[in-house]
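A short write-up of the structure that comes next.
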Amino acid sequence: MNKKIIVITGASGTGKTTISHYLKEKYQIPNVITHTTRIPRAGERNGIDYYFETDKSFSENHYLERVEYSGHKYGSSEEGLESMWKKVDVASIVVDTAGAIAYKKKYGKQAIVIFLELDLPNLAKRLKKRGDTPDRIVQRINSEEFNRDLKIPRELQGKSYEIVNKDMNVTEMSVDKLMQALNI
Ligand SMILES: Nc1nc2c(ncn2[C@@H]2O[C@H](COP(=O)(O)OP(=O)(O)O)[C@@H](O)[C@H]2O)c(=O)[nH]1
Ligand SMILES: Nc1ncnc2c1ncn2[C@@H]1O[C@H](COP(=O)(O)OP(=O)(O)O)[C@@H](O)[C@H]1O
């Protein structure tokens with residue numbers, strides 16, 4: 001089986017979306033769009049950044065895995081990935097660490113997990129700079145899920161590529177090295 005899914009995970013603000021865009025631009029690796037009940041941020045578009053759902057429409061889909069993160073629901077469908085794999089050999093997906101564990105369990109070696117990390121003061125600065133409202137930042141930073149995802153979970157230790165995303169150039173070089181090693 002030559003199909004692969006690059007699973008990008010880490011706490012909010014660590015740069016998961018940024019890396020998924022980098023993979024798209026430099027390697028033409030498309031991102032599997034997931035579903036959420038949270039409100040779109042400025043500039044986010046339905047069907048591009050997420051499928052934005054109501055509680056009712058969210059509950060009508062079938063999910064490979066689904067989670068609650070900082071008070072909102074998120075889920076990814078098996079169909080989303082399977083239909084992508086019909087078109088390309090390598091796709092990416094951005095999920096929390098619970099999702100990353102689920103993908104690693106289901107797809108084994110086909111799932112390449114990138115765990116991004118950064119210290120809390122810098123994360124808070126990035127969320128602010130991104131334009132997240134102060135009350136949303138506080139809610140996020142106080143959530144159990146955010147704090148859990150600051151450190152790599154035991155289930156992913158030794159099974160992930162860990163990148164400290166401080167300097168973007170250094171991060172891009174680490175991603176390039178990984179793509180080379182994977183022959184992508
Ligand atoms: N398990 C899982 N996590 C998801 C899914 N979609 C998004 N997430 C994660 O949910 C968390 C919150 O996402 P979001 O509200 O966009 O905030 P952000 O991480 O700050 O960009 C992030 O860790 C996302 O990676 C999904 O389908 N499944
Ligand atoms: N290496 C970096 N240096 C500085 N800013 C970064 C870096 N990586 C990402 N950012 C910025 O930090 C913010 C959070 O990144 P984002 O990709 O949205 O994170 P996530 O998807 O993990 O929540 C964005 O405004 C992004 O442009």
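Filtering the range 120-140 down to residues that are outside any loop (DSSP other than H, G, I, E, B) and in contact (Cβ under 8 Å) with a residue 40 or more places away in the chain, which residue is farthest from ligand 1 (Cβ to nearest atom)? Working first, answer last.
Just the residues of the range 120-140 that are outside any loop (DSSP other than H, G, I, E, B), to begin with: 120-130, 134-140.
Next, only the ones that are in contact (Cβ under 8 Å) with a residue 40 or more places away in the chain stay: 122-124, 126-127, 130, 139-140.
Working: ASN122: 14, LEU123: 9, ALA124: 12, ARG126: 9, LEU127: 7, ARG130: 8, GLN139: 11, ARG140: 7 Å.
Once the filter is applied, the top-ranked residue is ASN122.
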Scan the range 109-142 residue by residue and report those that are farther than 23 Å from GLY43 by Cβ and more than 12 Å from ligand 2 (Cβ to nearest atom).
LYS109, GLN110, ALA111, ILE112, VAL113, ASP119, LEU120, PRO121, ASN142
For GLN157, the lone unmet condition from (1) of a type outside the set (Lys, Arg); (2) closer than 17 Å to THR17 by Cα; (3) free of Cβ contacts under 8 Å to residues at least 24 places away in the same chain is (2)
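The numbers here are math on the coordinates, done by the rules we state, and not lab data. Computed from a predicted structure; not experimentally measured. All Cβ positions, glycine included, derive from the backbone under ideal geometry; neighbour counts span all protein chains shown.
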